[in-house]
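Novice: I'd like to ask you about the structure that follows.
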Amino acid sequence: MLQSYPVDLSILRCPHDGGAVERSSPSRFACSSGHGFAVDGCVVDFLPPRAAHVVGLARAMVYDALLPRWTLQHLFGVRPALLEELHELAAGAARGGTLVDAPCGSALFSAEAAVRAGIARYVGLDASAPMLRLARRRLVGAGVPDALLVAADLLAPPLAPGSADAVVTSLGLQFVAPREVALGSLARLLRPGGRLYGAAPALGLRASYDRRHQTRRVKDFPLDAATLSDELGRAGFVDVTVRREGALLVWTSVRAAPRSGP
């Protein structure tokens, strides 16, 4: 359980009422309204009871192995260095503060970047507890034993508003709908001036990805190169830059400061 390593839980919030979450037993957390959440090994699990984790352990391990060796280059047409650089930028923007990695997967590109940047707190959020266990192993190996790992829905991340200095969302936004809700949730996590770094596939940029999308039994939700900048703007981001790399759209943006005055 979480007693085996020190973790700052003050960032956690109940997804039902926004209240602070505290330990109620060695294997449970609860908010002041009585909503309870399980601690599954190293992972605080905010997913609904009996919810099926979207990726099992075997599939998580295969995905983790194939991503840098095959998927990035053959499906998306990019080199691993592209995502390494994106995560380095995000970690650098959170130096001395909090980096939220959502979805974090196995923390393949974030673990070492977090150490090099000297962030104070790493929070990994994913809908797969098995993937989060792989992330825990990698983070501990890299020297981040106090990472907070949370199984939760990206549409309703159970984290305090304004608690992140930077957020990185890498190869996950295409699995979430509606996207405007997900982008709004990520914006709320950031303090004003905090930065969002992202990468996700879009249709019409690379034939191999387009074919894969068309043949998928369960379709995902690829980005639209023509509308992403506007979507980010409506979610509360400014200074948006978007570029195309293979099948991916890669972007940086800044959480706008709240408007003052009438």
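Novice: Working carefully through the options Ser170, Ser106, find the one that is touching a residue at least 40 places away in the same chain (Cβ under 8 Å), farther than 26 Å from Ala257 by Cβ and under 14 Å from the mean Cα position of the chain (by Cα).
Specialist: Just a single option satisfies the conditions, and that option is Ser106.
Novice: Additional query: Could you grab the pairs with beta carbons closer than 8 Å, sequence gap of 6+ or different chains, first residue in the range 20-43 and within 16 Å of Val7 (Cα to Cα), second one aromatic (Phe, Trp, Tyr) and part of a loop (DSSP other than H, G, I, E, B)?
Specialist: Cys42/Tyr5
Novice: Tally time: how many residues in the range 31-50 are modelled with pLDDT of 85 or more and closer than 22 Å to Leu155 by Cβ?
Specialist: 11
Novice: Could you say whether any residue in the range 19-26 is in contact with a Cys (Cβ under 8 Å, 6 or more places away or on another chain), hydrophobic (A, V, I, L, M, F, W, C) and either in a strand (DSSP E or B) or within 21 Å of Asp101 (Cβ to Cβ) (or both)?
Specialist: Within the range 19-26, one or more residues are in contact with a Cys (Cβ under 8 Å, 6 or more places away or on another chain), hydrophobic (A, V, I, L, M, F, W, C) and either in a strand (DSSP E or B) or within 21 Å of Asp101 (Cβ to Cβ) (or both).
Yes or no, residue by residue, for (1) of a type in the set (Val, Ile, Thr); (2) at pLDDT 95 or above; (3) in contact with a Phe, Trp or Tyr (Cβ under 8 Å, 6 or more places away or on another chain):
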residue: Asp64; (1), (2), (3): no, no, no
residue: Leu67; (1), (2), (3): no, yes, no
residue: Glu84; (1), (2), (3): no, yes, yes
residue: Ala91; (1), (2), (3): no, yes, no
residue: Leu108; (1), (2), (3): no, yes, no
residue: Val115; (1), (2), (3): yes, yes, no
residue: Ala129; (1), (2), (3): no, no, no
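Novice: Which of the residues that make up the range 209-251 are part of a helix (DSSP H, G or I) and either loosely packed, with under 12 Cβ neighbours inside 10 Å or modelled with pLDDT of 95 or more (or both)?
Specialist: If the condition is that a residue be part of a helix (DSSP H, G or I) and either loosely packed, with under 12 Cβ neighbours inside 10 Å or modelled with pLDDT of 95 or more (or both), then Tyr209, Asp210, Arg211, Gln214, Thr215, Leu228, Ser229, Asp230, Glu231, Leu232, Gly233, Arg234 are the ones that fit.
Novice: Residues of the range 152-183 being among the basic types (Lys, Arg) and over 17 Å from Ala200 (Cα atoms), which ones?
Specialist: Within the range 152-183, none qualify.
Novice: Is there any pair with a first residue in the range 61-88 that is closer than 24 Å to Arg195 by Cβ and a second that is β-branched (Val, Ile, Thr) and surrounded by 15 or more Cβ atoms within 10 Å (Cβ to Cβ) whose Cβ atoms are under 8 Å apart and which are 6 or more apart or on different chains, and what are they?
Specialist: Partner pairs satisfying both residue conditions: Leu72/Val78; Leu82/Val250; Leu86/Val168; Leu86/Val250; His87/Val168.
Novice: Could you tell me whether the range 254-261 includes any residue that is closer than 24 Å to Pro15 by Cβ and in a strand (DSSP E or B)?
Specialist: Within the range 254-261, one or more residues are closer than 24 Å to Pro15 by Cβ and in a strand (DSSP E or B).
Novice: Check Arg217 against each of (1) free of Cβ contacts under 8 Å to residues at least 12 places away in the same chain; (2) closer than 25 Å to Gly96 by Cα; (3) basic (Lys, Arg) and name the one condition it does not meet.
Specialist: If we test Arg217 against (1) free of Cβ contacts under 8 Å to residues at least 12 places away in the same chain; (2) closer than 25 Å to Gly96 by Cα; (3) basic (Lys, Arg), just (2) comes out false.
Novice: Let me ask you something else. Report, by residue number, each residue of the range 144-179 that is at pLDDT below 95, surrounded by fewer than 16 Cβ atoms within 10 Å (Cβ to Cβ) and more than 22 Å from Arg216 (Cα to Cα).
Specialist: Pro145, Asp146, Leu155, Ala156
Novice: Here is a further query. Tell me which residues, restricted to the range 109-140, are among the polar types (S, T, N, Q) and over 12 Å from the mean Cα position of the chain (by Cα).
Specialist: Correct list: empty.
The values are calculated or read from the model by the stated rules, or taken from the named source; none is laboratory data. Predicted, not measured: the structure shown is a model, and the values here were computed from it. Counting neighbours? That spans all protein chains shown, and the Cβs are built from the backbone with ideal geometry, glycine included.
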